[in-house]
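> Before anything else, here's the structure in question.
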Amino acid sequence: MVKQIPVSKRASQIEYAIRDVVVPATALEAEGHEIIKLNIGDPIAYPGLPTPSHMVEAFQAALGRGENGYSPSYGLPALRSAIAEDEISKGWACNPEDVYVCHGVTEALQIIFAATLEGGNKVLAPGPHYPPYMAYPQMYGASTIEYRLDAGDGWKVDFDDIEKKMDDNVRLLVMINPNNPTGNVASADEIDKLLSIAKKWPNCMIIADEIYDGLDFTGTQVSIASRSFEVPVLVLNGVSKVYYAPGWRIGYLAIHDPTSKMNDVRDGIERILRSRLCASTPAQMGYIAGLEGDRSWMKIHTSKVMKQRELCLQRISEIEGLEVQSPGGAFYMFVRLTDEKWANDDKKFVLDLLHEEHVLAVHGSGFSSELGRGHFRIVYLPNIDTLNIAFDRIDSFLTRHRQ
């Protein structure tokens, strides 16, 4: 065997369950099998949820005009202004200078972590969580500590658990609202509780991951920045989910700094942004069209998603061995495996289901080895016929293995 050049420890330890399960699925597809994919939150992967035509036309028109060179490192001024206006409509005084356009929310996270974390620092993030919150902080010598979401109470935040885990080393306290993977939506009162805890720790900032804010079915979702009068908030959002354009890779971070204590952090963020040049120029033009244009199309898309949500809740309630807390937002369900055989090995459940029934989901332990164990996540974006076929296969799989 050829001696291998060493890989960095930080890279070799990264896991991303949502895409890791694609590897065996791709192998099955190469053998000629058709896979029903319930694993990835990509609206464009499913029929009936296209990117709005006026946004696509604006993207194409920018290309036609030759507007595909470098843009300013912080984003096109017109886009920063449009985003600021959108955030103002959510209840806080956002200025265009507070907005920084990135290659999606994932790059925004990487920039925030690079600008705020040193060895020994901590990120306090919900468990279950979106995998990059666990993967990236360790690259900067920091660690991610999970705070508990209550599986028996709609995945609500356990504030006592947060209180116990806060200390001077916690630089970032994360709230994903609506939550990925559980779909829980935090209320204004819950956000206020989170802010009251963070206020006790002067070096702590809130990451408000609100990429699914337009997919709130409860009517209770509110901007975290709009509730904060003392605690700094880093708002994350973008074009991927609510505007159905994930492949454009355009997101943003917006800084809400009500007591002006983030000047040094802001400088660090801007230095990193300049060093990586800019986000896609024509895609930014498409996003401007989405923010400034008619949004009536959103009701049609949301109505379709909600019908599929109701279908999933009904089908899961009818299948022995499955339970689910009704999600209040986003387009995920975090399903509990009640059969002891699978509750103790949710990854085996997902892989065996894939190989035997060609249905691809994501194991819950991939979102948290402890707090996600015994669950699996599905995306309810496929059309109703496809979802019914998927649940028929899941039911058949569970029945067969119960005998």
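> Scan segment 225-239 and give yes if some residue there is more than 30 Å from residue 304 (Cβ to Cβ), of a type in the set (Val, Ile, Thr), assigned to a loop (DSSP other than H, G, I, E, B) and touching a Leu at 6+ places or on another chain (Cβ under 9 Å), otherwise no.
yes
> Looking at residue 294 and the list (1) crowded, with 18+ Cβ neighbours inside 10 Å; (2) in contact with a helix residue (DSSP H, G or I) (Cβ under 8 Å, 6 or more places away or on another chain); (3) touching a residue at least 40 places away in the same chain (Cβ under 8 Å), which single condition is not satisfied?
With respect to (1) crowded, with 18+ Cβ neighbours inside 10 Å; (2) in contact with a helix residue (DSSP H, G or I) (Cβ under 8 Å, 6 or more places away or on another chain); (3) touching a residue at least 40 places away in the same chain (Cβ under 8 Å), residue 294 is out only on (1).
> Quick one: is residue 389 touching a helix residue (DSSP H, G or I) at 6+ places or on another chain (Cβ under 9 Å), of a type in the set (A, V, I, L, M) and at pLDDT 95 or above?
So residue 389 does not fit the description; no.
> Check 179, 184 and return the single one that is more than 19 Å from residue 123 (Cα to Cα), crowded, with 18+ Cβ neighbours inside 10 Å and either touching a residue at least 60 places away in the same chain (Cβ under 8 Å) or out of contact with any Phe, Trp or Tyr (no Cβ under 6 Å at 6 or more places or on another chain) (or both).
Residue meeting the stated conditions: 184.
> Within segment 313-368, how many residues are assigned to a loop (DSSP other than H, G, I, E, B), in contact with a His (Cβ under 8 Å, 6 or more places away or on another chain) and under 25 Å from residue 125 (Cα atoms)?
Here the count works out to 2.
> Need the failing condition index for residue 167 against (1) assigned to a helix (DSSP H, G or I); (2) surrounded by fewer than 23 Cβ atoms within 10 Å (Cβ to Cβ), just the number.
(1)
> How many of the residues making up segment 10-53 are at pLDDT below 80, out of contact with any helix residue (DSSP H, G or I) (no Cβ under 9 Å at 6 or more places or on another chain) and either surrounded by fewer than 10 Cβ atoms within 10 Å (Cβ to Cβ) or assigned by TED's automatic domain parsing to the domain that holds residue 133 (or both)?
Going through segment 10-53 one residue at a time, the tally reaches 1.
> Further, regarding this structure: Report, by residue number, each residue of segment 66-95 that is outside any helix (DSSP H, G or I), without any contact (Cβ under 8 Å) to a residue 24 or more places away in the chain and of a type outside the set (A, V, I, L, M).
Those that are outside any helix (DSSP H, G or I), without any contact (Cβ under 8 Å) to a residue 24 or more places away in the chain and of a type outside the set (A, V, I, L, M): 66, 95.
> While we're looking at this one, here's another question. Write out, first by first residue and then by second, each pair whose Cβ atoms fall under 6 Å of each other, whose residues are 6+ apart or on separate chains, and whose first residue, in segment 136-164, is assigned by TED's automatic domain parsing to the domain that holds residue 332 and over 26 Å from residue 114 (Cα atoms) while the second is crowded, with 19+ Cβ neighbours inside 10 Å and among the aliphatic types (A, V, I, L, M).
none
> Something else about it: Taking the criterion of being of a type in the set (Ser, Thr, Tyr) and either in the same structural domain as residue 182 (by TED's automatic domain parsing) or within 30 Å of residue 213 (Cα to Cα) (or both), would at least one residue in segment 371-391 satisfy it?
yes
The values are calculated or read from the model by the stated rules, or taken from the named source; none is laboratory data. On a predicted model such as this, the values are computed, not experimentally measured, just so you know. Here Cβ is always computed from backbone atoms with ideal geometry, including for glycine, and neighbour counts include all displayed protein chains.
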